[in-house]
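The values are calculated or read from the model by the stated rules, or taken from the named source; none is laboratory data. Computed from a predicted structure; not experimentally measured. Heads up, the Cβs are rebuilt from the backbone with ideal geometry, glycines too, and the neighbour counts pull from every protein chain shown.
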Amino acid sequence: MTYLATQAFPADERFGLTAQMRRAAVSVPSNLAEGSARNSKKEMAQFIGIAKGSLSELETQALISAELGFLAPQHEVFSQLERVAQLLSGLYRNIAR
């Protein structure tokens, strides 16, 4: 969804917000994959935390994009960010038990 949303950003943002948002979006599942390959629940929980941090970065960048008029404030990306945050929190709670 992030890749689709940023396609409409101005060309001069290609190396700015567009690149930052795409990196943050890719970082979320990448950290989950790395954490799942680790040998302990503690390490998995640590990588879930890192994924949550990347998601927070992405949310901040999406809010900035909306403030700049690049994204509509009601764009679907915002509801998806909220849903992924809920899923990560649930996964963290489950792993931390």
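Some observations on this one:
- The sole residue among V26, V77 that is within 11 Å of the chain's Cα centre (by Cα) and surrounded by fewer than 17 Cβ atoms within 10 Å (Cβ to Cβ) is V26.
- Condition check for M44 on (1) of a type in the set (A, V, I, L, M); (2) closer than 21 Å to R83 by Cα; (3) within 16 Å of the chain's Cα centre (by Cα): one failure, at (3).
- Qualifying residue in the range 35-57 (condition: small (G, A, S), assigned to a helix (DSSP H, G or I), modelled with pLDDT of 95 or more and over 22 Å from S89 (Cβ atoms)): no
- Within the range 1-23, the set of residues being polar (S, T, N, Q) and either surrounded by 14 or more Cβ atoms within 10 Å (Cβ to Cβ) or touching a residue at least 24 places away in the same chain (Cβ under 8 Å) (or both) comprises T2, T6, T18, Q20.
This table checks each residue for (1) in contact (Cβ under 8 Å) with a residue 12 or more places away in the chain; (2) under 28 Å from D12 (Cβ atoms); (3) in contact with a strand residue (DSSP E or B) (Cβ under 6 Å, 6 or more places away or on another chain).
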{"position": "G53", "(1), (2), (3)": "no, yes, no"}
{"position": "E57", "(1), (2), (3)": "yes, yes, no"}
{"position": "T60", "(1), (2), (3)": "no, yes, no"}
{"position": "L63", "(1), (2), (3)": "no, yes, no"}
{"position": "L71", "(1), (2), (3)": "yes, yes, no"}
{"position": "E76", "(1), (2), (3)": "yes, yes, no"}
{"position": "E82", "(1), (2), (3)": "no, no, no"}
{"position": "L87", "(1), (2), (3)": "no, no, no"}
{"position": "L91", "(1), (2), (3)": "yes, no, no"}
